[in-house]
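Worksheet for the structure shown next.
The values are calculated or read from the model by the stated rules, or taken from the named source; none is laboratory data. None of these values were measured; they are calculated from a predicted model. Note: ideal-geometry Cβ built from the backbone for every residue, glycine included; neighbour counts use all protein chains shown.
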Amino acid sequence: MPTSQDMTTELDPGLLDALQHQVAVFARRAEQTRLGGTGQLRNSMDRAAYLLLNRLDQEGPMGVKALAAGMGIDSSTVTRQVAPLVDTGLVKRTSHPEDGRAVVLQLSPRGLSRLEEVRSSRRQLMVEVTEGWTPDERESFCSLLTRFNTALSARQSAHTGGPVAESAAPSTASSATPSAALSAGPSANEGPAEGPSESAPTS
């Protein structure tokens, strides 16, 4: 069976360089705009906060461990990231419906309202960025990007021994579109975005 090193040798190095470069540019651009923040600071939101709120909206109330497992990150990271969301009233801690001793995290009405504001802004951004694209092109890009993110999560899981993060894509009728799915940006457990020049690497 060919190894990843063998495959790297067989594939076009120039194409691989271009791919990693474009991924780096995308990560930087996503961070700079917060996919909705540029010129719209009211609707900007930290990437980790968006993914946490979206997960709670789609999956319902859950404990820290379940939330961490679903996102493919450790519990301490979730605890740290959710603290400011609780402090600002976007998330609330409640008792587990079946076990009063356990505490679960739940999206508050204020959190849902804020999440919908950001989603609306990001949908509009996706419309603007993909203006001129055909529906098939949007669908194909979304499918490939989802596949790419899934592969990254699986690779990270294999290296760390942790769970593979599952995608909690919006499921409502108004947001279950390729444009909405694209708005999540890089994953919550991604490190700082790199900042290379936007010019394509020379071959």
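The table that follows gives values for the structure above.
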item: Boolean, Thr150 is surrounded by 14 or more Cβ atoms within 10 Å (Cβ to Cβ), hydroxyl-bearing (Ser, Thr, Tyr), part of a helix (DSSP H, G or I) and modelled with pLDDT of 95 or more; result: no
item: Total residues in the stretch 100-111, condition surrounded by 14 or more Cβ atoms within 10 Å (Cβ to Cβ) and under 14 Å from Met45 (Cβ atoms); result: 2
item: Hey, Arg47 surrounded by 14 or more Cβ atoms within 10 Å (Cβ to Cβ), under 15 Å from Leu125 (Cα atoms), at pLDDT below 90 and among the basic types (Lys, Arg) or not; result: no
item: Candidate set from the stretch 59-91 (those that are in contact with a Ser or Thr (Cβ under 7 Å, 6 or more places away or on another chain) and modelled with pLDDT of 95 or more); member that is farthest from Ala158 (Cα to Cα); result: Gly89
item: Within the stretch 92-111, considering residues that are among the polar types (S, T, N, Q) and outside any loop (DSSP other than H, G, I, E, B), the one modelled with the highest pLDDT; result: Gln106
item: Selected residue [at pLDDT 90 or above and part of a helix (DSSP H, G or I)] from Glu131, Glu116; result: Glu116
item: Subset of the stretch 62-80 (residues that are surrounded by fewer than 18 Cβ atoms within 10 Å (Cβ to Cβ) and outside any helix (DSSP H, G or I)); result: Met62, Gly63, Asp74
